Amino acid sequence: MLVRDVMETKLCTISPETTLPEALRLVAQRGIRHLPVVEDTKLVGIVSDRDLKRAMASPATSLEAHELMYLLDRLRVREIMTRAVIVIGPTCPVEEAARLMVQDKIGALPVTDGDQLVGIVTETDVLELFVKAMGAGEPSSRLDVILGDRPSAMAEATRALEHAGVTISSIVTLRTPGVREAVIRIATIDPGRAVAALRAQGFVIRDGERPRGGSHP
């Protein structure tokens, strides 16, 4: 899956001369958290709802209310926007976008093709894709299978499930310190047959807490 498959293309952008109140109104009206700042079709910055709220509280509190509003009405986005914008290309893998957001602790990445802004991908877009890829929200069961160090463990596990007539919805492999495991989601709310088939092949199924909703661990 590529960034262009999940990015938002109906963009709401502002200019460096947009005032703080105007930007705040856009964020509230559109229900968004990030506004790319564009000048002459070129991306020059980005401002988040957090930046806007922080700027609202930045003037000296000793000012009278009308003086404070006077200053805020004249505060331009160029004075508070982030100029060193981290961007990503539309043909980059989604996991690269996720890595950048985690690494740099940001909630959105403008998507550029050359000098042109073509979209924006947010942490919500990535999480929605993760939920879909994991099959969460559908009637299913999740199995956390310890794979160990056997090179063919993943193939053996899937073969055991197929022989047991179990339909696999998704597989994600993870490696944590000292443990390699597969998170396997199967298309049934009764995992008994799948668990028995895996255990018969010597696999350990890690217990998990049963979630509420339409799927079971």
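See the values below:
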{"quantity": "Odd one out for Lys132, checked against (1) without any contact (Cβ under 8 Å) to a residue 24 or more places away in the chain; (2) exposed (fewer than 13 other Cβ atoms within 10 Å of the Cβ); (3) farther than 28 Å from Ala84 by Cβ; (4) of a type outside the set (Ser, Thr, Tyr)", "calculated": "(2)"}
{"quantity": "Yes/no for Arg175 being surrounded by 13 or more Cβ atoms within 10 Å (Cβ to Cβ), on the phi < 0 side of the Ramachandran plot and of a type in the set (D, E, K, R)", "calculated": "no"}
{"quantity": "Output for the range 178-204, where each listed residue is outside any loop (DSSP other than H, G, I, E, B) and in contact with a His (Cβ under 9 Å, 6 or more places away or on another chain)", "calculated": "Ala197"}
{"quantity": "Matching residues in the range 27-54 - criterion: being aliphatic (A, V, I, L, M) and closer than 16 Å to Ile120 by Cα", "calculated": "Val27, Ile32, Leu35, Val37, Val38, Leu43, Val44, Ile46, Val47"}
{"quantity": "Search result, residues across the range 104-125 that are surrounded by fewer than 19 Cβ atoms within 10 Å (Cβ to Cβ) and under 13 Å from the mean Cα position of the chain (by Cα)", "calculated": "Lys105, Ile106, Gly107, Glu123, Thr124"}
{"quantity": "Qualifying residue in the range 32-46 (condition: assigned by TED's automatic domain parsing to the domain that holds Ala84, within 30 Å of Met134 (Cα to Cα), under 20 Å from the mean Cα position of the chain (by Cα) and not in a strand (DSSP E or B))", "calculated": "yes"}
{"quantity": "Contacts under 8 angstrom Cβ, first residue in the range 146-172 being charged (D, E, K, R), partner assigned to a helix (DSSP H, G or I) and modelled with pLDDT of 95 or more, 6 or more apart", "calculated": "Arg150/Glu156"}
{"quantity": "Residue in the range 3-17 that is buried (at least 16 other Cβ atoms within 10 Å of the Cβ) and among the basic types (Lys, Arg) present", "calculated": "yes"}
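The values are calculated or read from the model by the stated rules, or taken from the named source; none is laboratory data. The shown structure was predicted, so the numbers you read here are calculated from the model rather than taken from an experiment. No Cβ is skipped: glycine too gets one built from the backbone with ideal geometry, and neighbour counts run over all protein chains shown.
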